[in-house]
Amino acid sequence: MKCILVFACLSMALCLAAPAPEAEIVNLASEVNADSYNYNFETSDGTKQEQHGSLKNLGPEEDALQVAGSFSYVGDDGQTYSITYVADENGFQPQGAHIPQGP
């Protein structure tokens, strides 16, 4: 449970630090529970992010944090870049049209 709270706080801090100085937060919501959390935000420059996480029971005394989410932003070239991801006991698994695919 402590891991979820620390992860959620770090994620929120990174997210709030990410927008450019001239961008304003136009939407922000978060909820932290004993075994799960979720948040989302949107800024005036078009940046959006959402994430939710929960504990997944892997065994009698083993839990893992399971996270899923997405983010998008407008690049310097004017194109919108979007990433969806899952992070769990199998690692971080991002997907996006601009991410090179492995062999």
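Under 8 Å by Cβ, and 6 or more places apart or on different chains, what pairs join a residue from the range 33-56 that is more than 11 Å from Ser72 (Cβ to Cβ) and free of Cβ contacts under 8 Å to residues at least 24 places away in the same chain with one that is open to solvent by less than 30 Å² (accessible area, probe 1.4 Å) and in a loop (DSSP other than H, G, I, E, B)?
What qualifies is Ser44/Ala23.
Only residues that are of a type in the set (Asp, Glu) and in a strand (DSSP E or B): list them for the range 74-102, please.
The answer is Asp88, and nothing else.
Please enumerate the residues belonging to the range 1-43 that are surrounded by fewer than 17 Cβ atoms within 10 Å (Cβ to Cβ), small (Gly, Ala, Ser), modelled with pLDDT under 95 and in contact with a strand residue (DSSP E or B) (Cβ under 7 Å, 6 or more places away or on another chain).
Listed by number, the residues that qualify are Ala23, Ser36.
Considering only residues that are aliphatic (A, V, I, L, M) and open to solvent by 50 Å² or more (accessible area, probe 1.4 Å), look in the range 50-84 and name the one that is farthest from Leu28 (Cα to Cα).
Among those residues, the one meeting the criterion is Leu58.
Give the residue that is nearest to Val32 (Cα to Cα), with candidates limited to residues of the range 85-96 that are at pLDDT 90 or above and either open to solvent by 70 Å² or more (accessible area, probe 1.4 Å) or touching a Cys at 6+ places or on another chain (Cβ under 9 Å) (or both).
Phe92
Taking the range 44-85 on its own, how many of its residues are in contact with a strand residue (DSSP E or B) (Cβ under 8 Å, 6 or more places away or on another chain) and within 22 Å of Gln101 (Cα to Cα)?
Here the count works out to 15.
The values are calculated or read from the model by the stated rules, or taken from the named source; none is laboratory data. Predicted, not measured: the structure shown is a model, and the values here were computed from it. Note that we place each Cβ from the backbone using ideal geometry, even for glycine, and neighbour counts take in every protein chain shown. Only protein heavy atoms, including side chains, enter the accessible area calculation; ligands, DNA and RNA are left aside. Shrake-Rupley method; radii C 1.70, N 1.55, O 1.52, S 1.80 Å.
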